[in-house]
Amino acid sequence: MIKQNVVFNLMPGSSFFLGMRDFPPARKIIEKGGICALSTDFNPGTCYCYSLPFIMTVSAIYLKMTAAEILWASTLGGAKALGLEKEIGSIEKGKKADLLVMKVNELSEIPYSMGMNLVRKVIKNGKVVN
C-alpha cells in the first residue's frame, strides 16, 4: 500500500473512545514512508467527537506523532486522501485560502493544548468568516 501511495486515514479518536489499547500504527507507517491523514470519525457509535484539535492531542500521545507530522496529516494529508491536494491543504499560490489563525507561539502548542480553543480567526476561500 505504501508503494502505491495509499493515504492511511487514521482515526485515533475511535480507539480512544472505545477504550482500546491498540491505536493506529502511525509511527510504523511514517517510518516506512507512508502517507497519513488524521480525521475524527465523528460517529455516535465509535467516536462522538468532531474536535480535530482533540484528535491531534490523541495523535501526539498515543500515535507518537510529532507536531509537524500531526499538522501535515490534518491538513495536506487529508486533502491528499480526498484527491484535493492541488486545491487545498497547504498555503500555496493558486490554492483556496482556507486558514485558521491560532494563538500559539510554536507548533507543539496545538496538540499540547488539549481542550483549549486556540482559534482566533477562520478564513474560508480567502474571506474572514469568524
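The values are calculated or read from the model by the stated rules, or taken from the named source; none is laboratory data. If you're wondering where the values come from, they're calculated on a predicted model, not measured in any experiment. All Cβ positions, glycine included, derive from the backbone under ideal geometry; neighbour counts span all protein chains shown.
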field: In the stretch 2-23, the residues that are closer than 18 Å to GLU69 by Cβ and either over 16 Å from the mean Cα position of the chain (by Cα) or among the charged types (D, E, K, R) (or both)
entry: ILE2, ASN5, VAL6
- prompt: Taking the stretch 58-89 as the region of interest, how many residues are assigned to a helix (DSSP H, G or I) and under 29 Å from GLY126 (Cβ atoms)?
  reply: 15
Looking only at the stretch 91-130, and only at residues there that are loosely packed, with under 12 Cβ neighbours inside 10 Å and among the polar types (S, T, N, Q), the one that is modelled with the highest pLDDT: ASN105
task: Determine whether the stretch 4-25 contains at least one residue that is of a type in the set (Lys, Arg) and under 17 Å from PRO111 (Cβ atoms).
output: no
